[in-house]
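See below for the structure under consideration.
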Amino acid sequence: MWHVEILDAKTKDKLCFLDKVRTFFFSSFIYNKFYVDVNPQWYPARQSIRLDPKGKSLKDEDVLQHLPVGTTATFYFRDLGAQISWVTVFLTEYTGPLVIYLMFYFRVPFIYAPKYDFTTSKHWVVHLACMCHSFHYVKRLLETLFVHRFSHGTMPLRNIFKNCTYYWGFAAWMAYYINHPLYTPPIYGEQQIRLALIIFLFCQIGNFSIHIALRNLRPPGSKTRKIPYPTKNPFTWIFLLVSCPNYTYELGSWLGFTVMTQCLPVAFFTLVGFIQMTVWAKGKHRSYLKEFRDYPPLRSPILPFIL
Amino acid sequence: MSAAAPGTSKAAHSDVAPKKKKGPGALATAYLVIYNVVMTAGWLVIAVGLVRAYLARGSYHGLYYSIEKPLNVCPLCHIPGIVPSSVVLTGFQVMSRVFLTWAVTHSVREVQSEDSVLLFVTAWTVTEIIRYSFYTFSLLNHLPYLIKWARYTFFIVLYPMGVTGELLTIYAALPYVQKTGLYSVTLPNKYNFSFDYYTFLILIMISYIPLFPQLYFHMIRQRKKVLGHVEDYSKVE
């Protein structure tokens, strides 16, 4: 049995003292006690309790007995700020582009000159682009609801404003030009559009295959982490060369969309997304390497052999 | 999970006061001193140029032309500089300087004879001379209180002065930008992209509203922190 004291990580004030904590308890016990005894504003998702003021948080499933502490354990608390669930953020940030793009596609009033209100483009590639864009975001919404398994339930509240500004802003910017009455279709015409569509569809299927493969690594309700490997699905064979092929395929999809629409704002969006995904992929790759000693050495974070 | 120090001891981590960190090595210090001296000299050249031209002409009209070249170069030299200030704030300031000199004043001939140009050039010149002298002396660990005081006091007047000059200059450039379509791209084109520099300039002007108070009050807070204390800090911000 233990005594547990919890100090504020910054001020080192004593916030909480728990007597007679049993060693086989999970950390989640501490989180809940803290929430009930100390400050009901600090719900568990918002707490970060750690052994070291600057260290990583204790996870709910950590067993107290296995922590490197003596009979009186000192932990440090940090308030992570208001939290919001991943699912909520994803649904909001993906619904925006879907709706916004369609508003431009149908040329809702006050966007273009009044004589174009509710008209449709005469270029069939514009209709195709609308279908592809909408399909992409519907796919993302469905994946959020039925496929993804999140290891961390929440993120800071301010992220929803940041993320929505990004997605919604770029969607509006791209949609404005693609659906513009003065839109110029691709230079190489049919060939270019067909090639781009093939790339786009291939990468959409690939991205979906990876999401399914990642989901199957983790039984429902668990937070286990395993090395992903190629499965019978040929779209997953890219795991041989890449740690985060979902990002690789996502890049491919947007490159396809760029070529299909021949629109500079789409190219910018692809570039910015690529930069962000590369940062994420490198981080994920690094944590794979740290966690698994037998991690396949041939893999790169996002681009085979390159990046 | 953190495998760090056992949780039994009270915070054994030393309370490192942020200002007492290990300074740069001898070579780095030498480079920084030279850099800061050169920057001080650069802005002094502009200051001297302005004063001489004013004395020669007897009026302050059209003084821009006498310092056009060094004025366009100095802000660019800020870019590779390493200064002990927040990257975001400094980066921001450098960008706005380069923007004003190249993308506005240099690009739009008609505003070059405006008095507002002189207003911001004067504000920048005085500010930068003091600021770079401040950095130079700080590096040499021999900072006269006067320089420190000047750095954290003059801005109270110079900052609003500079901002006023900048805004008036951008505003003066607007009609010419609209008429000539400077730096603007219109539809239709094969990249399906457009850019209206006129609108962009207006947005820049609007952005001063949230940004200027933040920067200004940041300096005021710094002033209280720095000048309100007796001890001399070698690095601040």
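Here, each number is a calculation from the coordinates, and none is a lab measurement. Just so it is clear, the model here is predicted, and its values are computed rather than measured. Please note: Cβ atoms are built from the backbone with ideal geometry, for glycine as well, and neighbour counts cover all protein chains shown.
Per the Debye calculation on the protein assembly as shown with a single equal scatterer at every Cα and no solvent contribution, log₁₀ I(q)/I(0) for q = 0.12, 0.13 Å⁻¹ amounts to -1.28, -1.29.
Separation of the alpha carbons by more than 32 angstrom is noted, of A:LYS139/A:LYS226; A:LYS14/A:LYS59; A:LYS14/A:LYS226; A:LYS54/B:LYS224; A:LYS12/A:LYS282, for A:LYS14/A:LYS226; A:LYS12/A:LYS282. Label-to-label distance, B:VAL98 versus A:ARG78, with points set 7 angstrom from Cα along the beta-carbon direction: 3.3 nm. Mean separation of Cα pairs under 8 Å and 6 or more residues apart, divided by the residue count, gives the range B:51-114 a relative contact order of 43 percent. On full extension, the segment bounded by A:TRP124 and A:GLU291 gains 55.2 nm, given 0.36 nm per residue less the C-alpha separation. When chain A is treated as a Gaussian network with alpha carbon springs shorter than 10 Å, the biggest mean-square fluctuation among A:LEU67, A:LEU271, A:LEU289 belongs to A:LEU67. Counting only Cα atoms, chain A measures 75, 47, 29 Å along its principal axes, largest extent leading.
Of the trypsin sites (Lys or Arg not before Pro) found in the range A:1-104, those in coil by DSSP whose Cβ has at most 15 other Cβ atoms within 10 Å are A:LYS10, A:LYS12, A:ARG22, A:LYS54, A:LYS56, A:LYS59. Let me have the relative contact order for the range A:2-81, percent, based on Cα pairs under 8 Å that are six or more residues apart. In percent, rounded to a whole number, it is 41.
For the pair B:TRP149 and B:ALA28, a Förster radius of 30 Å applied to the C-beta separation gives a FRET efficiency near 0.65, rounded to the nearest 0.05. Phi angles across the range A:49-63 convert, under the Karplus curve 6.51 cos²θ - 1.76 cosθ + 1.60 with θ = phi - 60°, into 3J(HN,Hα) values of 10, 9, 6, 10, x, 10, x, 7, 5, 6, 8, 3, 8, 5, 8 Hz, Gly and Pro given as x. Of the trypsin sites (Lys or Arg not before Pro) found in the range A:252-304, those in coil by DSSP whose Cβ has at most 15 other Cβ atoms within 10 Å are A:ARG293. From the alpha carbon centroid of the range B:66-142 to that of the range A:183-237 is 49 Å. Rounded to a whole number, what is D in µm²/s for chain B from Stokes-Einstein with the Kirkwood radius over alpha-carbon pairs (20 °C, 1.002 mPa s)? After rounding, the answer is 105 µm²/s. Measuring r between the beta carbons of B:LEU44 and B:LYS179 and using R0 = 45 Å, the FRET efficiency lands at 0.75. Among the chymotrypsin sites (Phe, Trp or Tyr not before Pro) in the range A:19-78, those placed in a DSSP loop whose Cβ has at most 11 other Cβ atoms within 10 Å are A:PHE24.
Out of every Cα-Cα pair that the range A:233-307 contains, those further apart than 17 angstrom amount to 47 percent. Antiparallel versus total DSSP beta bridges in chain A: what percent is that, nearest 5? Counting DSSP beta bridges with both partners in chain A, the antiparallel share is about 65 percent.
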